[in-house]
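Accompanying notes for the structure given below.
The values are calculated or read from the model by the stated rules, or taken from the named source; none is laboratory data. What you are looking at is a predicted structure, and each value in this text was computed from that prediction instead of being measured. So basically every Cβ, Gly included, is an ideal-geometry build from the backbone, and we count neighbours across all protein chains shown.
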Amino acid sequence: MGILVADRRYLGEIGIVYGGENAELGICVWTCGGSIEVVPCSKIAHIERNHKPYIPDLSLTMKRNALRVAEVWMDEYKHNVNLAWNLPFEDHDIDFGDVDDILAYGGLKNLDANMCVDQGPVPGHTPIAYPCHYSMSQHTYFQETGELYIGGIKSHKYNVNRCLTDDGNKDNEPGLNNCHKSLQKINGIDWDFTQGEELKNKQTGRCLEIIKSKLLVQECTGQRWEIQNVIKPF
């Protein structure tokens, strides 16, 4: 690790931390649309301060940050961090904060049509029904607030997170719009969803359904949906 130069805005978007940043920033850049540049002819000087203004013992901070990184990013491998720090898997008395408002993630599959929600053509703002392949264009994240991110989670100035919306267009097609802007406009962005049951928009009362291989929002007929991976029951 050793960042010499970083884009200030992008670094702020993916999060700035001290202690464990080598792991967190590496993972964030790798997964959130960033890039690492090797510039062999650059000349940069670093003047080391003679006194570091940190607490004498950073071990608790380092452990807290390491556990937080693991909880957010490392899925089934997160307990390797506990092993590395010689910490119990449970009841280690280190509070790493509230890290997760995602209830479930993965492919969002219609059990009746045997197809998945896909972000569709890019650029474009119309999601489609497509045979399930579970790669990036079908990555879905269901938030506690009811938002459904489609096409992965992004954190970069050139990309935005896009949420499934029922924006009331005349063709009864769902939309895929900038999550932040949709929240500001209250643009049919929140959904009621129970695993294995219908997927209903909280604002319009219409359901996401697949009719003749086409993704629509319409009066609910009881079509069932399932998302691949559940983090917390909902």
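From G15, G34, grab the single residue that is touching a Cys at 6+ places or on another chain (Cβ under 8 Å), within 23 Å of V72 (Cα to Cα), modelled with pLDDT of 70 or more and not acidic (D, E). Don't jump to the end; show me each part of the working.
Details: G15 fails: modelled with pLDDT of 70 or more.
Going through G15, G34 in turn, the sole match is G34.
Count of the range 184-214 residues, restricted to those that are more than 14 Å from D166 (Cα to Cα) and either buried (at least 17 other Cβ atoms within 10 Å of the Cβ) or touching a residue at least 24 places away in the same chain (Cβ under 8 Å) (or both), is 9. The set of residues from the range 119-142 being closer than 21 Å to I211 by Cβ, in contact (Cβ under 8 Å) with a residue 24 or more places away in the chain and in a strand (DSSP E or B) comprises I128, A129, T140.
Listed residues C28, C41, C116; which is surrounded by 10 or more Cβ atoms within 10 Å (Cβ to Cβ), at pLDDT 80 or above and either assigned to a strand (DSSP E or B) or hydrophobic (A, V, I, L, M, F, W, C) (or both)?
Numbers: C28 fails: at pLDDT 80 or above; C41 fails: surrounded by 10 or more Cβ atoms within 10 Å (Cβ to Cβ).
One residue alone meets the criteria, C116.
Within the range 167-226, the set of residues being over 15 Å from V117 (Cα atoms) and outside any loop (DSSP other than H, G, I, E, B) comprises N178, C179, H180, K181, S182, L183, Q184, K185, D192, N201, Q218. Looking only at residues of the range 60-93 that are surrounded by 17 or more Cβ atoms within 10 Å (Cβ to Cβ) and of a type in the set (V, I, T), we find that the one that is nearest to L25 (Cα to Cα) is V69. Counting the residues of the range 215-234 that are surrounded by fewer than 14 Cβ atoms within 10 Å (Cβ to Cβ), of a type outside the set (S, T, N, Q) and more than 20 Å from the chain's Cα centre (by Cα) gives 2.
Does N50 fit the bill of being surrounded by 13 or more Cβ atoms within 10 Å (Cβ to Cβ), farther than 30 Å from V117 by Cβ and at pLDDT 75 or above? Reasoning before the result, please.
Working: surrounded by 13 or more Cβ atoms within 10 Å (Cβ to Cβ): no; farther than 30 Å from V117 by Cβ: yes; at pLDDT 75 or above: yes.
So N50 does not fit the description; no.
Within the range 68-104, being touching a helix residue (DSSP H, G or I) at 6+ places or on another chain (Cβ under 6 Å), assigned to a helix (DSSP H, G or I) and either more than 18 Å from K232 (Cβ to Cβ) or touching a residue at least 24 places away in the same chain (Cβ under 8 Å) (or both) holds for V69, W73, V81, W85. Each residue in the range 200-224 was checked for being hydrophobic (A, V, I, L, M, F, W, C) and closer than 13 Å to G188 by Cβ, and 3 of them qualify. What is the residue count in the range 136-179 for residues that are modelled with pLDDT under 90 and either among the polar types (S, T, N, Q) or farther than 28 Å from P233 by Cβ (or both)? Here the count works out to 15.
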